[in-house]
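Here's the structure we're looking at; comments come further down.
The values are calculated or read from the model by the stated rules, or taken from the named source; none is laboratory data. No experiment lies behind these values; they were computed from the predicted model shown. Because the Cβ atoms are built from the backbone with ideal geometry, glycine has one as well, and the counts that use them run over all protein chains shown.
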């Protein structure tokens with residue numbers, strides 16, 4: 001075992017500090033409030049789940065549509081149950097804007113920064129430790145797991161990897177891992193504008209092709225973004241947003257001018273459709289992943 005700047009031992013070390021990490025930590029501490037936890041967030045790969053329009057629905061997915069489709073439905077139902085049980089800040093119910101879609105499955109609209117802060121508030125009193133450190137390798141020993149960065153080493157009884165698709169190049173028990181083979185990182189933009197005098201009883205989403213216009217009632221905001229192909233060099237660029245905005249102004253007379261809003265950017269990760277992995281990493285004893 002390395003002696004390089006060896007830190008104290010924790011019950012659990014979580015690698016990653018995005019929304020997946022937050023949800024796991026919230027659920028874990030509900031059951032094991034007395035456990036010591038360290039969360040390591042890489043300064044090279046910060047959480048990418050903040051800058052997004054965040055709309056959750058299963059409008060085109062039905063039960064029995066294959067393993068991945070079924071998982072989408074099950075996840076949606078779990079999300080709905082979580083919302084009804086905990087009433088988290090940063091999530092509100094809504095629907096499709098178009099008349100023919102008003103009835104049916106509930107849609108949920110997320111303000112990522114508010115939801116993220118809600119999770120932090122709920123776990124802040126549990127004695128969770130946080131550190132900005134980029135993990136290079138993980139190795140198991142008879143008495144625990146050692147997590148090593150360039151400058152330090154941490155010990156834990158168990159380790160969970162939840163770093164998101166931006167993170168690669170970690171070694172586990174001497175074997176290099178590539179959890180997101182085939183995924184590519186794409187910069188993407190979305191438009192945000194204040195809704196002004198426009199009012200509606202609920203949040204909604206209006207879909208035109210690949211474009212999604214979202215109205216968040218709680219913040220009185222319009223957000224315009226969309227889906228992309230995995231081979232697109234840019235997720236969504238400035239010119240595309242202008243074209244999409246023009247299409248929406250032909251349908252909606254209350255949408256602000258494009259110049260009255262602002263364009264923000266984030267990262268999108270495109271890759272092959274696959275089932276997520278949640279469980280113990282093969283050939284390990286105390287290393288788990290949520291990827």
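Which residue is surrounded by the fewest Cβ atoms within 10 Å (Cβ to Cβ), if the candidates are limited to the range 106-127 and must be touching a helix residue (DSSP H, G or I) at 6+ places or on another chain (Cβ under 8 Å) and modelled with pLDDT under 90?
Within the range 106-127, the first condition is being touching a helix residue (DSSP H, G or I) at 6+ places or on another chain (Cβ under 8 Å), and the residues that meet it are 106, 108, 112, 115-116, 119-120, 122-123, 126.
Next, from what is left, pick out any that are modelled with pLDDT under 90: 106, 112, 123, 126.
Numbers: 106: 14, 112: 18, 123: 19, 126: 17.
Top of the filtered list is 106.
One residue is enough: does the range 138-151 have a residue meeting the conditions under 20 Å from the mean Cα position of the chain (by Cα) and surrounded by 15 or more Cβ atoms within 10 Å (Cβ to Cβ)? So that I can check it myself, show each step before the final result.
First pass over the range 138-151, keeping only residues under 20 Å from the mean Cα position of the chain (by Cα): none.
No.
Scanning the range 66-86 for residues being farther than 15 Å from residue 106 by Cα and either touching a strand residue (DSSP E or B) at 6+ places or on another chain (Cβ under 6 Å) or in a loop (DSSP other than H, G, I, E, B) (or both) gives a total of 1.
Any residue that is more than 23 Å from residue 214 (Cα to Cα), modelled with pLDDT of 80 or more and surrounded by fewer than 16 Cβ atoms within 10 Å (Cβ to Cβ) - is there at least one of those in the range 83-103?
Initially, the range 83-103 is screened for residues more than 23 Å from residue 214 (Cα to Cα), giving 85-86.
Applying the additional criterion that residues be modelled with pLDDT of 80 or more yields 85-86.
Applying the additional criterion that residues be surrounded by fewer than 16 Cβ atoms within 10 Å (Cβ to Cβ) yields 85-86.
For the range 83-103, residues more than 23 Å from residue 214 (Cα to Cα), modelled with pLDDT of 80 or more and surrounded by fewer than 16 Cβ atoms within 10 Å (Cβ to Cβ): present.
Checking the condition modelled with pLDDT of 90 or more and either assigned to a loop (DSSP other than H, G, I, E, B) or over 26 Å from residue 276 (Cβ atoms) (or both), which residue from 242, 214 passes? Exactly one of 242, 214 is modelled with pLDDT of 90 or more and either assigned to a loop (DSSP other than H, G, I, E, B) or over 26 Å from residue 276 (Cβ atoms) (or both), namely 242.
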